[in-house]
C-alpha cells in the first residue's frame, strides 16, 4: 500500500497548518518523524508534494490533488465509523458543519440543542465560514453540511432551501433615516456604518455589494456580534445592516429603529448543502430535519 490513514491525516494537517512543526505537535510526533513521513509520501508517488519556504510549507499542484483525495478518503472512513455505530456504543458519530454568520449566531444553537438531546453519541463541529469557503469545503469533503444564504454556485451538491433571510437597516431613534419605511442600501452609504468583523459572511457580502456598485462603505467600527452592533447603533455611533430576526430581538430592549431595505438582494434564501451520491448517516439526516423544522427566522 502506498500510505496509511495516519499518513493522510498528517498530510491534511500540514496542508491546513502550513507548518511541519505544528503538524507534528498535532499528531504527537517528533519533527523528524513528521518530515520522514512526508518524504516517504513524496518518494512513493515519485514527485514533490510540498514547497519548503521560509515561513512554512506550501502545496505543489500534485500536493493539492493529493489533499483533495485525502479529504475524500478521510470522509469516507468517518462515514464507515458512523455506520458501524449501531453495533457498538463506544463508537461516536461526528458532524462537521461550515455555516455563515447568521446561522452560527441566530438559529444553529436552537437546532443543535434539539438534535444533541436526542443524539448523545454524536459530536458536532460548527465553524463560521464565507459562502465560497462553505461550498468548497463540502466539495472537498472538509465538512459534511454547509449552511449558506443567497445565490451560490453549488455544482455537484445537493441543496435544500429551508427558510428566508431578510436583511434590514437599523438606526438610532433620532437618525435622519429612522422615519423612512423603505430605503435603498446606496442611500445609506452617506452615513457611517457599524459592521461585523472581517471574517463575517454578512460583512463580506456587503463589502462585495459596495465594491460592485463603485461606491464606498464608511465603516466607523467593526464588532463581533449583532448585539454589539445594535448597542453601537443605539448610542448613535452609526447605522448597520443585519438580519431582521436579530434586529427585532434587540429592538425589544434597545432604542433602535428598523427600516426595510428595498434592494432585491436583501431577501435571501437559506439553504443546506451536502455532497451528492454519498452515503449520509441517519443522524445527519436527523440534524437537517431539526434545522428545517425550526420556526422562521
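The values are calculated or read from the model by the stated rules, or taken from the named source; none is laboratory data. Only a predicted model underlies this, so the values are computations on that prediction, with no experimental measurement involved. Backbone-built Cβ (ideal geometry, glycine too); neighbour counts: all protein chains shown.
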**OP:** Would you tally the residues in segment 33-54 being surrounded by 15 or more Cβ atoms within 10 Å (Cβ to Cβ) and assigned to a loop (DSSP other than H, G, I, E, B)?
**Re:** 1
**OP:** Please state which of the following conditions residue 57 fails to meet, knowing it meets all the rest: (1) surrounded by fewer than 14 Cβ atoms within 10 Å (Cβ to Cβ); (2) modelled with pLDDT of 85 or more; (3) closer than 26 Å to residue 143 by Cβ.
**Re:** (1)
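Please work out which residue is modelled with the lowest pLDDT, limiting yourself to segment 196-222 and to residues that are within 14 Å of residue 102 (Cα to Cα) and not in a loop (DSSP other than H, G, I, E, B).
The first filter runs over segment 196-222 and keeps only residues within 14 Å of residue 102 (Cα to Cα), leaving 196-197, 199-206.
Okay, now just the ones that are also not in a loop (DSSP other than H, G, I, E, B), so 196, 201-206.
Details: 196: 91, 201: 84, 202: 88, 203: 91, 204: 88, 205: 89, 206: 93.
Among residues in segment 196-222 that are within 14 Å of residue 102 (Cα to Cα) and not in a loop (DSSP other than H, G, I, E, B), the one modelled with the lowest pLDDT is 201.
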Original post:
If you go through segment 1-32, how many residues are in contact with a helix residue (DSSP H, G or I) (Cβ under 6 Å, 6 or more places away or on another chain) and touching a residue at least 60 places away in the same chain (Cβ under 8 Å)?
Top reply: 2
Original post:
If you take the residues in segment 2-32 that are at negative phi and not in a helix (DSSP H, G or I), which one is surrounded by the fewest Cβ atoms within 10 Å (Cβ to Cβ)?
Top reply: 2
Original post:
Hey, residue 112 hits all of (1) in contact with a helix residue (DSSP H, G or I) (Cβ under 7 Å, 6 or more places away or on another chain); (2) surrounded by 17 or more Cβ atoms within 10 Å (Cβ to Cβ) but one; which does it fall short on?
Top reply: (1)
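Kindly indicate whether any position in segment 129-137 is assigned to a strand (DSSP E or B) and touching a helix residue (DSSP H, G or I) at 6+ places or on another chain (Cβ under 8 Å).
So the first thing to find is which residues in segment 129-137 are assigned to a strand (DSSP E or B), and the list is none.
No, segment 129-137 has no match at all.
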Original post:
Hey, among the residues in segment 170-195 that are within 21 Å of residue 151 (Cα to Cα) and touching a strand residue (DSSP E or B) at 6+ places or on another chain (Cβ under 9 Å), which one's surrounded by the fewest Cβ atoms within 10 Å (Cβ to Cβ)?
Top reply: 184
Subject >> Failed item, numbered, when residue 252 is tested on (1) touching a strand residue (DSSP E or B) at 6+ places or on another chain (Cβ under 9 Å); (2) surrounded by fewer than 20 Cβ atoms within 10 Å (Cβ to Cβ) >> reply: (1)
Subject >> Leading residue by the ranking (surrounded by the most Cβ atoms within 10 Å (Cβ to Cβ)) among those in segment 265-279 that are in contact with a helix residue (DSSP H, G or I) (Cβ under 8 Å, 6 or more places away or on another chain) and not in a strand (DSSP E or B) >> reply: 266
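Looking at 199, 262, 240, 214, which is the one that is crowded, with 20+ Cβ neighbours inside 10 Å and in the same structural domain as residue 169 (by TED's automatic domain parsing)? Lay out the reasoning, then the answer.
Numbers: 199 fails: crowded, with 20+ Cβ neighbours inside 10 Å; 262 fails: crowded, with 20+ Cβ neighbours inside 10 Å; 214 fails: crowded, with 20+ Cβ neighbours inside 10 Å.
From the options 199, 262, 240, 214, the qualifying one is 240.
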Subject >> Qualifying residue in segment 140-157 (condition: out of contact with any helix residue (DSSP H, G or I) (no Cβ under 9 Å at 6 or more places or on another chain) and not in a loop (DSSP other than H, G, I, E, B)) >> reply: no
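Quick check: anything in segment 127-140 closer than 18 Å to residue 289 by Cα and over 11 Å from the mean Cα position of the chain (by Cα)?
The initial filter retains those residues of segment 127-140 that are closer than 18 Å to residue 289 by Cα, namely none.
Within segment 127-140, none of the residues are closer than 18 Å to residue 289 by Cα and over 11 Å from the mean Cα position of the chain (by Cα).
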